[in-house]
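The values are calculated or read from the model by the stated rules, or taken from the named source; none is laboratory data. What you are looking at is a predicted structure, and each value in this text was computed from that prediction instead of being measured. All Cβ positions, glycine included, derive from the backbone under ideal geometry; neighbour counts span all protein chains shown.
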Amino acid sequence: METLPLLSTAVGSVVTLSVAILGGTKWMLGRVEHRSDSRFAGMDARFDRVDARFDRLEARTDARFAEVDRRFAEVDRRFAEVDGRFAEVDRRLAEVGASLVDLKLGVARLEGPHPPFLIARG
């Protein structure tokens, strides 16, 4: 009969020790979970701030690209004007060339016919 109290004390000690270990493990896991949640919340806040910075940067970049596109359109318009001016200069040069040909023909008519074997005119 003396073994029954000893056995019940041993079982009680094992149960108490198991409850203490499991309770401590539960407390430790709860603390780790709380710290992890708080750190993940901090990371979420950082990601939100980075996203906001990227949105602001994207808005500024879009505005700058719009300005660059506007400038390129202006440059394209100016190139078109320059191309038009070059075409006008080419037309005028062709007119001057035609006038020079007419002038040469007129001078040649005034000079009259040249001897066929004349090497140099003087």
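Details
- Only one of Lys26, Lys104 that is part of a helix (DSSP H, G or I), surrounded by 10 or more Cβ atoms within 10 Å (Cβ to Cβ) and modelled with pLDDT under 90: Lys104
Let's see how each residue does on (1) surrounded by fewer than 10 Cβ atoms within 10 Å (Cβ to Cβ); (2) in a helix (DSSP H, G or I); (3) of a type in the set (A, V, I, L, M); (4) modelled with pLDDT under 95:
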| site | (1), (2), (3), (4) |
| --- | --- |
| Gly42 | no, yes, no, yes |
| Phe54 | no, yes, no, yes |
| Phe65 | no, yes, no, yes |
| Asp69 | no, yes, no, yes |
| Ala98 | no, yes, yes, yes |
| Pro113 | yes, no, no, yes |
| Ile119 | yes, no, yes, yes |
